[in-house]
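So the structure is just underneath, and the comments pick up after that.
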Amino acid sequence: MSQDILRIGRYELASRLIVGTGKYPSMEVMRAAHAASGADLVTVAIRRINLDDPGGKTLLDYIDRTRYTILPNTAGCHSAKDAVLTAQLARELLETDLIKLEVIGDAQTLHPDTRETLAAAEQLVTDGFTVLPYIGDDPIACRQLEELGCAAVMPLAAPIGSGLGVCNPYSIRIIKERAGVPVIVDAGVGTASDATVAMELGVDALLMNTGIASARDPVLMATAMKHAVIAGRQAFCAGRMEKRLYAQASSPMRDLIAAQAGR
């Protein structure tokens, strides 16, 4: 497991937990939670960075760029045009080709607009970006995004910020079985058991923000999520036992008899 590296395009990550930067009670708590999570990749909403702060500091000043790779995202965009422009701004500001593509189609559910996401993804891939698109748990849309050249696909587990956990594990399993790129579950993970369930489905990584930031103790929850992701990944790699309808003794009688005969 020490060599179990997550590869997204040209990037290699030791941690399979990706964390966000919103909703924390303070920047200091955010930094402590990031450290506790063990994450290598931190996502930042470009449209929510205040570059005109009179204090001269922005969110980016609270992230150790020597420790974490920044994954800019297009949160707040509602069209392909806006998402592409935001991605281009992120590339200029952060000098990175990474982009988490997010194009929202509904203000209440925050579900992605599939058509606009596909249009933006095609343009960004052509423009040389390493694109990680947020999308519904739709195997067809995920396949289309992969065919366009996206470096990963990021199906939701549940609506953003809902904490409902994996609502449709069967779709997530199908997406993973068919994908030739990493599958990263994004949105809906509320607690450590949700994270473990998602990883046991075989997905390659999880991205979460609210589940950590909105916990009563965000730093402790970040630690729990770190261990939950590791446990879920290890359980998937180990291969769980077959489910059975009836009981089966842990020490069958024939084994006990054979052991006694061999004395």
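The values are calculated or read from the model by the stated rules, or taken from the named source; none is laboratory data. The structure displayed is predicted, hence computed values, not measured ones. Cβ sites come from the backbone with ideal geometry, for glycine too, and all protein chains shown count toward neighbours. Side chains are part of the model used for accessible areas, which takes the heavy atoms of the whole protein and leaves out ligands, DNA and RNA. Shrake-Rupley method; radii C 1.70, N 1.55, O 1.52, S 1.80 Å.
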field: Test for T117: is it open to solvent by less than 10 Å² (accessible area, probe 1.4 Å), hydroxyl-bearing (S, T, Y) and under 21 Å from Q144 (Cβ atoms)
entry: yes
- request: Kindly indicate which of G188, G128, G105 is under 20 Å from L41 (Cβ atoms) and surrounded by fewer than 18 Cβ atoms within 10 Å (Cβ to Cβ).
  value: G128
- prompt: Which one is most open to solvent (accessible area, probe 1.4 Å), of the residues in the stretch 1-20 that are modelled with pLDDT under 95 and of a type in the set (S, T, N, Q)?
  reply: Q3
field: Meets criteria (of a type outside the set (S, T, Y) and modelled with pLDDT under 95) for M253
entry: yes
- prompt: With respect to the numbered conditions (1) out of contact with any helix residue (DSSP H, G or I) (no Cβ under 6 Å at 6 or more places or on another chain); (2) crowded, with 20+ Cβ neighbours inside 10 Å; (3) modelled with pLDDT under 95, which one is the sole condition not fulfilled by M154?
  reply: (3)
message: Criterion first (in contact with a Leu (Cβ under 8 Å, 6 or more places away or on another chain), within 23 Å of T210 (Cα to Cα) and open to solvent by 20 Å² or more (accessible area, probe 1.4 Å)) does T69 satisfy it?
response: yes
task: For E95, state whether it is modelled with pLDDT of 95 or more, over 19 Å from D204 (Cα atoms) and not hydrophobic (A, V, I, L, M, F, W, C).
output: no
- request: Kindly indicate which of K57, K100 is over 21 Å from R10 (Cα atoms), of a type in the set (K, R) and either touching a Lys or Arg at 6+ places or on another chain (Cβ under 9 Å) or not in a helix (DSSP H, G or I) (or both).
  value: K57
field: Residue list for the stretch 48-63, restricted to those being at pLDDT 85 or above and not hydrophobic (A, V, I, L, M, F, W, C)
entry: D61, Y62
- line: With the first residue restricted to the stretch 20-32 and required to be among the aromatic types (F, W, Y), and the second required to be open to solvent by less than 70 Å² (accessible area, probe 1.4 Å), Cβ contacts under 8 Å at 6 or more apart or on different chains are Y24/M30; Y24/A33; Y24/A213; Y24/P218
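Only one residue in T109, T86 is modelled with pLDDT of 95 or more and under 20 Å from G20 (Cα atoms). Which one?
Exactly one of T109, T86 is modelled with pLDDT of 95 or more and under 20 Å from G20 (Cα atoms), namely T86.
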message: I'd like to know if the stretch 219-230 contains one or more residues that are in contact with a His (Cβ under 8 Å, 6 or more places away or on another chain), assigned to a helix (DSSP H, G or I) and crowded, with 23+ Cβ neighbours inside 10 Å.
response: yes
